[in-house]
Amino acid sequence: MKPKILVTRRIPEEGMKLLEEKFDIDLNDEDRILSKEEIIKRLEGKEALLSLLTDNIDKEIIDKFPDLKVISNYAVGFNNIDIEAATAKGIPVTNTPGVLTETTADLAFILLCSIARRIVEADKFARAGKYKGWAPMLLLGNDVHGKKLGIIGLGRIGHEIAKRAKGFNMELLYTDHDRDEEFEKQYNAKKISQEELLKESDFVTLHVPLTDETKHLMSEKEFDMMKDTAYLINTSRGEVVDENALVEALKAKKIAGAALDVFEEEPKIHPGLIELDNVIIVPHIGSASKETRGKMAEMAAKNMINIFEGKEPLSIANKEVLEK
Ligand code: DGY
């Protein structure tokens with residue numbers, strides 16, 4: 001008999017096919033997020049869980065199902081799972097880094113260019129029939145090339161951003177726990193303090209995981225430090241930015257604009273952001289290319305299968321459980 005697992009929402013075929021071969025799947029095939037109660041109910045009698053970043057797998061759920069063999073998260077981020085609780089129960093939590101790096105960096109750079117050159121505003125303007133002919137002052141934006149880009153968090157995605165920025169001849173500043181001398185040489189980049197980065201950058205792009213340390217990393221004090229001509233790009237996690245402070249900063253013109261893929265209380269979007277023209281809002285689509293979502297699905301499935309076959313998963317958030 002195949003082991004029974006819960007898949008909280010259909011993932012691309014590349015992953016479903018692999019899972020179907022090995023498991024008896026209880027699949028939420030509706031186009032909606034399961035509630036906590038539904039997850040608990042449907043986890044009864046299951047040996048493993050394939051979760052999404054929209055599923056809050058908290059201590060209560062984990063404590064109810066301490067025998068889960070694995071929680072395979074279909075995301076690189078795993079802030080939706082109580083890792084400490086899973087580790088205490090010896091449950092491996094796996095994730096899908098690497099395969100979405102370039103796609104997410106693409107989106108961050110597209111957002112950066114789009115907010116600087118007012119692409120969304122310009123599209124709305126043209127569709128509204130307001131275009132009456134070329135004009136010297138029509139929809140003037142800001143250049144991207146040659147500007148200073150501040151990368152907060154030089155992980156995989158931060159590196160890929162740098163690659164794209166180089167093509168635009170941008171000057172690179174970064175903050176991270178560690179210095180990366182090779183990166184500095186390759187991109188002529190400078191590691192500086194967050195304060196200096198905020199003061200100097202024309203664009204600030206966030207690439208940190210959500211942790212206690214990074215929650216509201218960007219708040220009133222930080223917006224006050226930024227140039228009034230600078231833009232904020234966030235494709236990391238919504239809670240890294242204090243949205244109330246961001247709305248205030250935008251309204252007071254302390255910064256020039258923001259382009260956001262993630263929000264503090266997804267799927268809710270701060271009403272103050274929706275009103276503003278100098279904000280681009282996209283609904284958490286950083287990794288949303290067909291190719292990448294397929295690769296994430298394959299990786300999430302393989303992570304789960306490997307655990308069942310006694311092999312190392314491709315990526316694990318709490319390695320210590322395998323070492324016991
Ligand atoms: C992730 O995998 O954590 C991303 O946010 C999904 O796009």
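With θ set to phi - 60° and the Karplus curve 6.51 cos²θ - 1.76 cosθ + 1.60, what are the ³J(HN,Hα) couplings of region 79-93 in order, to the nearest whole Hz, using x for Gly and Pro?
5, 7, 10, 7, 5, 4, 5, 5, 5, 4, 8, x, 8, x, 10
Tell me the relative contact order for the chain as a rounded percent, counting alpha carbon contacts under 8 Å between residues six or more apart.
Computed over the chain, the figure is 20 percent.
Placing +1 at every Lys and Arg Cβ and -1 at every Asp and Glu Cβ, with all other atoms neutral, what dipole size does the chain have around its Cα centre, in debye to the nearest 20?
I would put it at about 940 debye.
On the accessible surface of the chain, probed at 1.4 Å, how many percent belong to carbon and sulfur atoms?
Looking at the chain in its full context, I get 50 percent from C and S.
Return the calculated 222 nm mean residue ellipticity for the chain, to the nearest 500 deg cm²/dmol, obtained by summing -39500 (n - 2.57) across DSSP H runs with n ≥ 4 and dividing by the residue count.
-10500 deg cm²/dmol
Among Ala108, Ala122, Phe203, flag the residue with its Cα farthest along the positive direction of the charge dipole of region 101-281, charges on Cβ as +1 for Lys/Arg and -1 for Asp/Glu.
Most positive-ward Cα: Ala122.
Report the longest stretch of the chain that contains none of the GluC sites (Glu not before Pro) sitting in a DSSP loop with at most 14 other Cβ atoms within 10 Å.
Counting only loop sites that pass the neighbour cut-off, the longest clear stretch is 45-212.
Enumerate the calculated ³J(HN,Hα) couplings along region 312-324 in order (Karplus 6.51 cos²θ - 1.76 cosθ + 1.60, θ = phi - 60°), each rounded to whole Hz, writing x wherever the residue is Gly or Pro.
Calculated HN-Hα couplings, in order: 5, x, 5, 7, 9, 8, 10, 3, 4, 5, 7, 7, 5 Hz.
Suppose all protein chains stay in the model; what accessible area per residue would a 1.4 Å probe give for the chain, in Å²?
50
Can you list the residues, at least 5 places off or on another chain, whose amide H is less than 5 Å from the amide H of Lys4, using H built in the peptide plane?
Amide H to amide H, under 5 Å and 5 or more residues apart or across chains, Lys4 pairs with Asp24, Glu47.
Just to check I understand the Karplus step: with θ = phi - 60° and J = 6.51 cos²θ - 1.76 cosθ + 1.60, what whole-Hz values come out for region 175-189, glycine and proline as x?
10, 6, 4, 10, 8, 10, 5, 5, 4, 4, 5, 4, 10, 6, 9
Strictly over 23 Å apart at the Cα level, which of Lys4/Lys302; Lys148/Lys221; Lys36/Lys319; Lys89/Lys319; Lys124/Lys166 would you flag in this model?
In this structure, Lys36/Lys319; Lys124/Lys166 lie more than 23 Å apart at Cα.
Based on Cα positions only, what radius of gyration and what Dmax would you give for region 101-281, in angstroms?
Looking at region 101-281, its Cα Rg and Dmax stand at 16.0, 52 Å.
What are the residues whose amide H is under 5 Å from the amide H of Lys147, where those residues sit 5 or more places off or on another chain and H is modelled from the backbone?
Glu171
Which percent of Cα pairs goes in each bin when the distances of region 185-225 are cut into 10 angstrom slices starting at zero?
23, 53, 22, 2
The values are calculated or read from the model by the stated rules, or taken from the named source; none is laboratory data. Because the structure is a prediction, the values reported are computed rather than measured. Methodologically, a virtual Cβ is constructed for each residue, glycine included, from the backbone with ideal geometry; neighbour enumeration extends over all protein chains shown. What goes into the accessible areas is simple: the full protein's heavy atoms, side chains included, and nothing from ligands, DNA or RNA. Shrake-Rupley method; radii C 1.70, N 1.55, O 1.52, S 1.80 Å.
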